[in-house]
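Visitor: Starting off with a structure, shown below.
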Amino acid sequence: MRVLVVENDRVTVLGQVETALREAGAEIVLCRPHAGEALPEGEVGHDALVVMGGPQSAIDDEKHPYLPDLAALMRQYGDAGKSVLGVCLGSQLLARGYGATNLIGVAAEFGWCDIHPTDEGLTDPLLASVGGTFPIFQWHSDTFTLPAGATHLAHNAIAANQAFRLGRAAYGTQFHFEVDRSVAKHWRDVFPDQIERTSPGWLERHDELAAAHGPDADAAGLAIARAWVATIEAGMAVAGDEAAVTGSTGGPPPDP
């Protein structure tokens, strides 16, 4: 299993996503286009794609000219039936890639917040193991409209589109399920000024909030991470079965 991970900021922690990928024996291939690294031109060579968060908006093409290509790359993976995961900014870029509208600065959330699965979310492979409402970490101010043909998986009062799926396994989550308590503490230590501006008083309440919401959020986040990695394995199994039927050249099966 070879997974391309695109980072959009100098401080990016894969957290529980990395835990689930390592458990599955995945090879993680990092790409940092925000630092000038080139994006691959297609989905060949990787079994899945992860696009993480970042401080930029999903339509800030002037400052980050790689964003349109990244949104298009996410769609290429999704259209090929490969597993895609977009987290926070990644979810906004996935929505963009499939023709949705990005809404800037209208949905600010920070810290542990409740997420409510839709009826479809309760039975979807990504969220089924979590069950009903769960707490998870948030840090965003933008949101998006739901792409045409997407399955709406989760919502809350601030952002209606907290999670969605396109096709077999192209998933966007506005919330940061990769963030467990250790990552939240790391962010607290690295970004104190930004956090204080975003949520005054949160720094002082961190320990209290982490104790109250962290255990359930950590459990939900790891369950979601493992569920998404399972979609990669399922997709690889399907691809292997198709290759066995058509032959290694991709042509018709050989004569008996």
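Visitor: Enumerate by residue number the trypsin sites (Lys or Arg not before Pro) in the stretch 1-56 meeting two conditions: DSSP loop (anything except H, G, I, E, B), and at most 13 other Cβ atoms within 10 Å of the site's Cβ.
Guide: The qualifying sites are Arg10.
Visitor: Counting other Cβ atoms within 10 Å, keep those with at most 16, restrict to DSSP loop, and tell me which trypsin sites (Lys or Arg not before Pro) in the stretch 52-138 are left.
Guide: When the trypsin sites (Lys or Arg not before Pro) of the stretch 52-138 are filtered for loop state and at most 16 Cβ neighbours within 10 Å, Lys63 remain.
Visitor: GNM on the chain, C-alpha springs below 10 Å: top fluctuator among Ser91, Ser199, Ser57?
Guide: So, out of Ser91, Ser199, Ser57, the one fluctuating most is Ser199.
Visitor: Who wins for biggest fluctuation among Gln174, Gln16, Gln194 in a Gaussian network model of the chain, springs between alpha carbons below 10 Å?
Guide: Gln194
Visitor: Next up: How big is the antiparallel share of DSSP beta bridges in the chain, given as a percent to the nearest 5? Display every interim value, and only then the final one.
Guide: Working: 19 of 36 bridges.
Expressed as a percentage, antiparallel bridges in the chain total about 55.
Visitor: For the stretch 114-194, what is the charge dipole size about the Cα centre, in debye to the nearest 20, if Lys and Arg each add +1 at the Cβ and Asp and Glu each add -1 at the Cβ? Before the final figure, lay out each step's value.
Guide: Working: 5 positive and 9 negative charges, 25 e Å.
The calculated dipole for the stretch 114-194 is roughly 120 debye.
Visitor: Quick one: net charge around Ala157, please, counting Lys, Arg +1 and Asp, Glu -1 for every other residue with C-beta under 14 Å from its C-beta.
Guide: Taking every other residue near Ala157 into account, the sum is -2.
Visitor: So what is the 222 nm mean residue ellipticity for the chain from helices alone, if each DSSP H run of at least 4 adds -39500 (n - 2.57) and you divide by all residues, rounding to the nearest 500 deg cm²/dmol?
Guide: -12500 deg cm²/dmol
Visitor: I would also like to ask the following. Around Leu153, which amide H atoms from residues at least 5 apart in sequence, or from another chain, sit under 5 Å from its own amide H, with H modelled in the peptide plane?
Guide: Ala163, Phe164, Arg165
Visitor: So if I place +1 on the C-beta of Lys and Arg and -1 on the C-beta of Asp and Glu, and nothing else carries charge, what would the dipole magnitude of the chain be about its Cα centre? I want it in debye, nearest 20.
Guide: 100
Visitor: Across the stretch 219-230, in residue order, what do the Karplus-derived ³J(HN,Hα) couplings come to in whole Hz, using 6.51 cos²θ - 1.76 cosθ + 1.60 with θ = phi - 60° and x for Gly and Pro?
Guide: Along the stretch 219-230, the couplings run 5, 5, x, 5, 4, 5, 4, 5, 5, 5, 4, 4 Hz.
Visitor: Same structure, new question: Which residue, Leu4, Trp139, Leu203, has the largest displacement toward the positive end of the dipole of the stretch 2-238 when charges sit on each Cβ (Lys, Arg +1; Asp, Glu -1)?
Guide: With unit charges placed on the Cβ atoms, the residue in question is Leu4.
Computed from the coordinates by the stated procedures, all read-outs in this text should not be read as laboratory data. Being a predicted model, the structure only gives us computed values, none of them experimental. A quick note on method: Cβ atoms are made from the backbone with ideal geometry, for glycine too, and the neighbour counts reach across all protein chains shown.
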